[in-house]
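J.: Here it is: the structure, laid out below.
The values are calculated or read from the model by the stated rules, or taken from the named source; none is laboratory data. Fair warning: this is a prediction, and the values are worked out from it, not measured in the lab. Every residue, glycine among them, receives a Cβ derived from its backbone with ideal geometry; neighbour counts consider all protein chains shown.
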Amino acid sequence: MEIGQFMECVIFDNLTGCKVVSYKEELWRPTDQTISDLIGDQWRKMEARNISVGATLTNGLLVRANEMHMDEQRILEVAAQKLDYKSHATTRDNPDIPITQRGLGLYVTAQLVSSDSYLVFGRTKNTEIQYQDIINVIAGGVEPQDIVIGQGLEHAMLREVKEETGQEDQDIVSINISYVIREMIAAHPSLVHIISSRLNSREMIEVYKSHTHKQIQSGESPELKELHFIPIDKKKIVKALEDSANNYHERVRIVLLHTINQL
């Protein structure tokens, strides 16, 4: 992905805040019956693929951003609605479905920074088959219980950081929404929060290992196999992007290119 393509993926930039301005409890459904039928067919195929390799696929509840606007103070205003994961996963990357008819779930994504100036990502493990064993962002879907009218979604972001890395709220020095991206293929929006941790990279690894050990002991399956660190240095980020051995999710590439653009 070139810088020009990356700029097309950033739909809001230099944000100063976020607030949910409305929320519909009614579960979102496409108005086109053909697309409704497609959702059922696609979900059955996804279930079969994931069962064959032992991957996790759960139809939980998410939130769809029906509308997003940036006001004069550069605060992102979100009008949201309840959504199920099935409608999201089966329509998000289908170019034949108009965006207005896709169940595009709203995600929070961390541009997590260690105290020794590394960007922090993770190699995925317990997830859908197409996302297994790739380097991905620390992220997750916004859930209905995250919605508070008039407030942002920092608490949802902190939950995902804790679930995936083990870092607690007291480990976070600052968290600020900065920009919103929309992947070129899977067009759902991700609210990127720049998060500064008090932990350095070595400490993060130790916290992560302790966290995953506890998860395994309690019968949980960790979402990540390991943490992945990239120095915040323009030349080193470019080299990382050029290395074909790095199996980066598209959101990782967008975050890295945005970082280069800011250096």
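J.: Return the only residue of Ala89, Ala156, Ala110 being more than 30 Å from Lys236 (Cβ to Cβ), under 13 Å from the mean Cα position of the chain (by Cα) and not in a loop (DSSP other than H, G, I, E, B).
T.: Ala156
J.: Quick one: which of Glu242, Glu223 is closer than 15 Å to Ala139 by Cα and either at pLDDT 95 or above or not hydrophobic (A, V, I, L, M, F, W, C) (or both)? Working first, answer last.
T.: Values: Glu242 fails: closer than 15 Å to Ala139 by Cα.
Going through Glu242, Glu223 in turn, the sole match is Glu223.
J.: A follow-up question, please. Cβ contacts < 7 Å: first residue within 23 Å of Thr100 (Cα to Cα) and of a type in the set (Asp, Glu), restricted to the range 29-58; second residue modelled with pLDDT of 80 or more and part of a helix (DSSP H, G or I), any location; separation 6+ or different chain. Result?
T.: Short answer, once both residue conditions are applied: Asp32/Gln101.
J.: Out of the range 1-44, which residues are within 22 Å of the chain's Cα centre (by Cα), small (Gly, Ala, Ser) and in a helix (DSSP H, G or I)?
T.: The answer is Gly4, and nothing else.
J.: Residues in the range 45-75 that are over 28 Å from Gly150 (Cα atoms) and over 24 Å from the mean Cα position of the chain (by Cα): how many?
T.: Adding up the residues that qualify gives 2.
J.: Same structure, new question: Given the residues Val173, Val113, Val192, Val120, which is the only one that is modelled with pLDDT of 95 or more, closer than 26 Å to Gly60 by Cα and not hydroxyl-bearing (Ser, Thr, Tyr)?
T.: Details: Val173 fails: closer than 26 Å to Gly60 by Cα; Val113 fails: closer than 26 Å to Gly60 by Cα; Val120 fails: closer than 26 Å to Gly60 by Cα.
Answer to the check: Val192.
J.: Would you call Ile177 more than 15 Å from Thr109 (Cβ to Cβ) and either among the aliphatic types (A, V, I, L, M) or surrounded by 19 or more Cβ atoms within 10 Å (Cβ to Cβ) (or both)?
T.: No; evaluated as a whole, the condition is false for this residue.
J.: Okay, next question. Which of the residues belonging to the range 57-76 are β-branched (Val, Ile, Thr) and surrounded by 11 or more Cβ atoms within 10 Å (Cβ to Cβ)?
T.: Step one: filter the range 57-76 for residues β-branched (Val, Ile, Thr), giving 58, 63, 75.
Selection gives Val63, Ile75.
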